[in-house]
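Structure record follows, encoded as structure tokens.
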Amino acid sequence: MKQEQNHIIEIKNKKAEYQYFLLSQLVAGIVLTGTEIKSIREGKANLNDAYCTFINNELYVTNMHITEYTFGTYSNHNPKRNRKLLLNKRELRKYKAQVDEKGLTIIPVMLFINENGLAKLTIAMAKGKKLYDKRESLKEKEYQRSKKEKSTYDEYQ
């Protein structure tokens, strides 16, 4: 019998939408050790500098920081080790072809625990933004924020 989780774990890569155009997204499983999944359930992971690479035709997430488990013993994990992503071969071939041909990159967008208690990683095919694109996205974000503030101000009047 599974215990119900009271809180939802969603760790997001906040820099992803600012630094990249996200073209397509995919949910992948991730291979973790016991102390890693316990740290993720505590919400102690960071995706900001993480990216995905192909090693021997398998996709790995690199530079994802999962803090060491506080109650772990000598068998605690390395916080920045490469972690294998679980995708089927068709998806791997498709993503590898896009990365090789078009010069795109694969970045993790969100790490979450699904309803079965398994850790999943949402990855995205992404294209890097230029400086002027980043400025444009900041302007758009500021415009949306001011528009929202104005609407809430109008409601109270």
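The values are calculated or read from the model by the stated rules, or taken from the named source; none is laboratory data. Worth saying up front: this structure is predicted, and the values here are computed from it rather than measured. Here the Cβ positions follow ideal geometry from the backbone for every residue, glycine too, while neighbour counts run over all protein chains shown. Calculation scope for accessible area: heavy atoms of the full protein, side chains included, ligands and nucleic acids excluded. Shrake-Rupley method; radii C 1.70, N 1.55, O 1.52, S 1.80 Å.
Just the accessible area for Val99, please: 1.4 Å probe, Å², rounded to the nearest 10?
For Val99, the solvent-accessible surface is approximately 40 Å².
Which order do you get for Glu140, Glu115, Glu149 if you rank them by accessible area with a 1.4 Å probe, largest at the top?
Largest accessible area first, the residues go Glu115, Glu149, Glu140.
How big is the charge dipole of the chain about its Cα centre, in debye rounded to the nearest 20, if each Lys and Arg gets +1 on its Cβ and each Asp and Glu gets -1 on its Cβ?
For the chain, the charge dipole is close to 440 debye.
Please work out the average accessible area per residue across the chain, using the 1.4 Å probe convention, and give it in Å².
Solvent-accessible surface per residue comes out at 70 Å².
Based solely on its DSSP helices, what 222 nm [θ] is calculated for the chain when runs of n ≥ 4 H residues each add -39,500 (n - 2.57) and the sum is averaged over all residues, nearest 500 deg cm²/dmol?
Taken over the chain, the calculation gives -10500 deg cm²/dmol.
In the set (i) 36; (ii) 16; (iii) 24, which value of percent of Cα pairs over 27 Å apart was calculated from the structure you see?
Computed from these coordinates, percent of Cα pairs over 27 Å apart corresponds to label (i).
If the reach is capped at under 12 angstrom between alpha carbons, list the aspartates and glutamates near Lys120, excluding any in the same chain fewer than eight residues apart.
Straight-distance partners of Lys120: Glu10.
What FRET efficiency, computed as 1/(1 + (r/R0)^6) with R0 = 30 Å and r the Cβ-Cβ distance, is obtained for Thr53 and Glu115, rounded to the nearest 0.05?
So, using R0 = 30 Å, E works out to roughly 0.50.
Determine the alpha carbon to alpha carbon distance for each of Lys12/Lys127; Lys15/Lys130; Lys80/Lys134; Lys44/Lys139; Lys12/Lys141 and list only those over 20 Å.
Among Lys12/Lys127; Lys15/Lys130; Lys80/Lys134; Lys44/Lys139; Lys12/Lys141, the Cα-Cα distance tops 20 Å for Lys80/Lys134; Lys44/Lys139.
Just to confirm a number: summing +1 for Lys and Arg and -1 for Asp and Glu over residues other than Asn63 whose beta-carbon lies under 11 angstrom from that of Asn63, what do you get?
+2
Using a probe of 1.4 angstrom, how much of the accessible area of the chain is carbon and sulfur, in percent?
C and S atoms contribute 49 percent here.
Count the net charge of all other residues whose Cβ sits under 12 Å from the Cβ of Val99, scoring Lys and Arg as +1 and Asp and Glu as -1.
Its environment carries a net charge of +3.
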